[in-house]
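Only the coordinates and a few stated rules stand behind these numbers; no lab work does. Everything quoted here is computed from the prediction, not taken from an experiment. Note that each Cβ is placed from the backbone with ideal geometry, even for glycine, and that neighbours are counted across all protein chains shown.
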Amino acid sequence: MKICIFGAGAIGGYMAVMMKRGGVDVSLVARGPHLEAIKQNGLKLILDGEEIVERMPAAKDPRELGPQDYVICGLKAHQAWESAEQMVPLFGPDTAVVTAQNGVPWWYFHGLDERFKDFRLQSVDPGNRQWNTIGPQRVIGCTVYPATEIADPGVIVHKYGNQFGIGEPNRTDSERVRQFGAALEAGGLVPKYYDDIRDDIWIKLWGNLCFNPISAITHATLDVIATDPGTRALAKNMMLEAQAIGEAFGATFRVDVERRINGAAKVGAHRTSMLQDVDKGRAIELDALLTAVQEMGRLGGISTPYIDCVLALAQQMGRSHGIYPTFPEEVVEEMPKVAVAS
């Protein structure tokens, strides 16, 4: 089995080392100092104080690596959109693409048997770039739970977690998902199989869509947002709006909103990924986490006043810092507007 990690950052690098150690034929697409360090010294993972170094093919140009059985896209949502065409040399007739991004995925409506079947979400895939270039039929959905970081070029530090949710968009129990899960298990990772991966996408997104933008705007840590009466109420109302949207399109929420917020509070003084991106001047992953939820609300005729307000503030904050929009202006201008369903 050949697996290429497209975007071998903190999560992709962790997966690469673990699966390589488990005997999988792994290659990497990376860039910059990180790529050079991997080529010279191998990819190092610090896991429970142990240093694990694995050498594997790594390149900036995917054409050097050739067709794969699986491509794991470890880029952020806006980066994945920008890079869609670059993945093509990695595709064979049966190559599966594992989408390991946060937020609403571009393929969300593929395989649904409702009246919005195969609807294209322009907030995360303007111009249908990924839909047309990758194709939703290649996709295996994936939710990512480990916490990792790049300590230095070529060095990944694992903090906690080893579970990955996986599932087919069309809700089938496929052999390719089982084989991918076996590759994860071979490296000591834990796959959790879902009849509908969208359910797990929503559970993870549920917190990200409120805690990330609120923290980016206020610079408050997760424990503060989840316990301060004002921000807790705001987060809860955003989550209730999102739950109504998810359920309208068939998702099931296996925990209640209070339990989800209390769980976030227990994490402690965590700085969300969006707050970290703001601090470092990196593009914020706002569209996949929140704009897409708003777009789905418009599609389903569901009012989202709390989401609308926080999204508008976060967008303006991002523009003032030069870290939003994440898509080229000429593409955004051409994005069709979603009419409210009657």
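For the range 14-171, the relative contact order is 23 percent, taking Cα pairs closer than 8 Å that sit 6 or more residues apart in sequence and dividing their mean separation by the residue count. Would the range 280-331 count as rounded, prolate or oblate if I go by the C-alpha gyration tensor, calling it rounded below 1.5 in a/c and otherwise prolate when a/b exceeds b/c, oblate otherwise? Verdict is prolate for the range 280-331.
Taking every eigenvalue of the Cα gyration tensor of the range 34-119, multiplying by 5 and rooting it, what semi-axes result, largest first, whole Å?
Working: eigenvalues 187, 59, 28 Å².
Sorted largest first and rounded, they come to 31, 17, 12 Å.
For the chain, averaging the sequence separation of C-alpha pairs within contact (under 8 Å, six or more residues apart) and dividing by the residue count gives a relative contact order of 16 percent.
Among Arg232, Arg31, Arg298, Arg259, rank each residue by its count of other Cβ atoms within 10 Å, from fewest to most, as a rough exposure measure.
Working: Arg232 20, Arg31 13, Arg298 17, Arg259 10.
Lowest to highest Cβ neighbour count: Arg259, Arg31, Arg298, Arg232.
What does the C-alpha gyration tensor say about the overall shape of the range 2-195? Classify as rounded when a/c is under 1.5, otherwise prolate if a/b is larger than b/c, or oblate. Write out the running numbers ahead of the final one.
Details: a/c = 1.80, a/b = 1.47, b/c = 1.22.
The shape class here is prolate.
Taking all Cα pairs closer than 8 Å and separated by 6 or more residues, the relative contact order of the range 199-334 comes to 31 percent. Considering only the chain, what is the antiparallel percent among its DSSP beta bridges, to the nearest 5? Just about 35 percent of them are antiparallel.
For the range 132-261, taking Cα atoms only, Rg and Dmax work out to 17.1, 48 Å respectively. If you run the Gaussian network model on the chain, springs between alpha carbon atoms under 10 Å, then out of Ser273, Ser174, Ser215 the most flexible one is Ser174.
Find the all-direction average of the projected area of the Cα convex hull for the range 159-215, expressing the result in square nanometres with one decimal place. Walk me through the intermediate numbers first.
Values: hull surface 19.4 nm².
Averaged projected area of the range 159-215's Cα convex hull equals 4.8 nm².
Computed over Cα pairs, the Kirkwood radius of the range 199-334 leads via Stokes-Einstein (0.692 mPa s, 37 °C) to a diffusion coefficient of 218 µm² per second. Please give the Cα centre distance for the range 264-320 versus the range 58-115, rounded to the nearest Å. The two parts, judged by their Cα centres, are 23 Å apart.
Average 1/r across all pairs of distinct alpha carbons in the chain, invert it, and you get the Kirkwood radius: 20.4 Å. P(r) tail, the range 215-281: Cα-Cα pairs separated by more than 17 Å, 48% of all pairs.
Among Val293, Val26, Val88, a tally of other beta-carbon atoms within 10 Å of each Cβ gives an order, fewest to most, of Val88, Val293, Val26.
Just checking the listed ones, Asn208, Asn132, Asn170: in the Gaussian network model of the chain with Cα springs under 10 Å, the one fluctuating most is Asn132. Among Asp287, Asp69, Asp118, sorting on how many other beta-carbon atoms sit within 10 Å of each Cβ, with the fewest leading, yields Asp118, Asp69, Asp287.
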